[in-house]
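The values are calculated or read from the model by the stated rules, or taken from the named source; none is laboratory data. Note that this is a predicted model, so its numbers are computed, not measured. Positions of Cβ are generated from backbone atoms using ideal geometry, with glycine treated the same way; all protein chains shown enter the neighbour counts. Quick note on the areas: whole protein, heavy atoms, side chains included, nothing else; ligands and nucleic acids left out. Shrake-Rupley method; radii C 1.70, N 1.55, O 1.52, S 1.80 Å.
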Amino acid sequence: MDILETDSYDKRQRRNMSCALLFSLLPFFLSSALYFYFWTPDLVPSVVSAGVKSAPTLLLAVVVLSWNGGQSVLGVAGGLIFSAVGDCCLVWPELFIHGMGAFAVAHLLYSVTFLSSRYATYSASSLNHFLYLILLIVGGAFYIYLFPFLQKAPNSDLLTPGVGIYFILITIMAALAIRTRHAATLLGSLSFMVSDASLALQVFKVLPPIEHGQIYVMVTYYLAQLLITVGDIKAVDNKDDFLKWKRS
């Protein structure tokens with residue numbers, strides 16, 4: 001009976017947590033909707049447009065801070081803040097390299113978080129190693145494909161190595177997300193890679209102009225940040241379940 005009561009209590013706690021988390025994410029959903037409502041292809045770069053674009057990411061940082069505390073500034077919350085800085089920079093094309101640098105720092109912070117004790121530690125499996133290899137091959141192949149277009153871009157002397165370093169960092173972040181075995185965290189990291197790949201194909205003119213191309217980039221980007229946020233908030237709860245399973 002005690003075991004059944006404990007199980008029922010745990011289920012109620014998870015249900016209450018899910019409801020509370022959904023409620024705390026409402027400002028993010030509203031600000032994202034606002035961004036897409038006001039979005040136009042010919043939007044003039046301005047402080048207002050930068051604020052509207054970065055608001056959803058900043059609101060996610062507030063959610064993480066409210067759930068996980070100030071220590072998350074050096075983790076996912078910090079990554080979200082740097083991502084918001086990157087959002088602002090990318091509003092102005094001439095600040096592309098600065099934006100890429102801000103996102104690179106965000107990926108470093110995410111990677112450090114995925115390695116931290118917040119996430120349950122699992123032994124590496126052959127499937128993990130296979131997925132790491134796939135990520136490495138895909139990331140390397142995409143950079144090789146992009147290389148000639150980077151050479152033609154303005155500031156190619158900075159962009160070519162900079163994009164290479166950035167691809168290494170985001171690939172490491174995705175590989176560490178695999179290691180966590182959190183579905184939300186893994187899907188978020190992969191969605192981030194898809195978003196960045198879509199952006200690169202458009203910015204470096206690999207493909208002809210795509211109608212609503214920026215919308216595809218931002219939908220996958222906001223989805224990535226949302227999933228990484230949810231995965232980080234639920235990490236402790238999942239870790240507790242993992243520890244209970246190990247003790248049993």
For Ser83: the one exception among (1) open to solvent by 70 Å² or more (accessible area, probe 1.4 Å); (2) in a helix (DSSP H, G or I): (1)
Is there a residue being at pLDDT 90 or above and within 21 Å of Leu108 (Cβ to Cβ) anywhere in segment 201-219? no
Return yes or no: is Ala141 without any contact (Cβ under 8 Å) to a residue 24 or more places away in the chain and open to solvent by 40 Å² or more (accessible area, probe 1.4 Å)? yes
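Look through Thr6, Thr40 and report the one residue that is polar (S, T, N, Q), at pLDDT below 95 and assigned to a loop (DSSP other than H, G, I, E, B). Full working, then the answer.
Values: Thr6 fails: assigned to a loop (DSSP other than H, G, I, E, B).
From the options Thr6, Thr40, the qualifying one is Thr40.
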Hey, among Leu60, Leu65, Leu30, Leu90, which residue is aliphatic (A, V, I, L, M), in a helix (DSSP H, G or I) and either closer than 25 Å to Leu159 by Cβ or touching a His at 6+ places or on another chain (Cβ under 7 Å) (or both)? Leu90
Looking at segment 87-95, is at least one residue buried (at least 18 other Cβ atoms within 10 Å of the Cβ), within 15 Å of Met173 (Cβ to Cβ) and in contact (Cβ under 8 Å) with a residue 40 or more places away in the chain? no
Failed condition for Arg118, given (1) without any contact (Cβ under 8 Å) to a residue 60 or more places away in the chain; (2) open to solvent by 40 Å² or more (accessible area, probe 1.4 Å); (3) more than 26 Å from Leu43 (Cβ to Cβ): (1)
Of all the residues that make up segment 28-44, how many are of a type outside the set (Phe, Trp, Tyr), in contact (Cβ under 8 Å) with a residue 24 or more places away in the chain and open to solvent by 60 Å² or more (accessible area, probe 1.4 Å)? 1
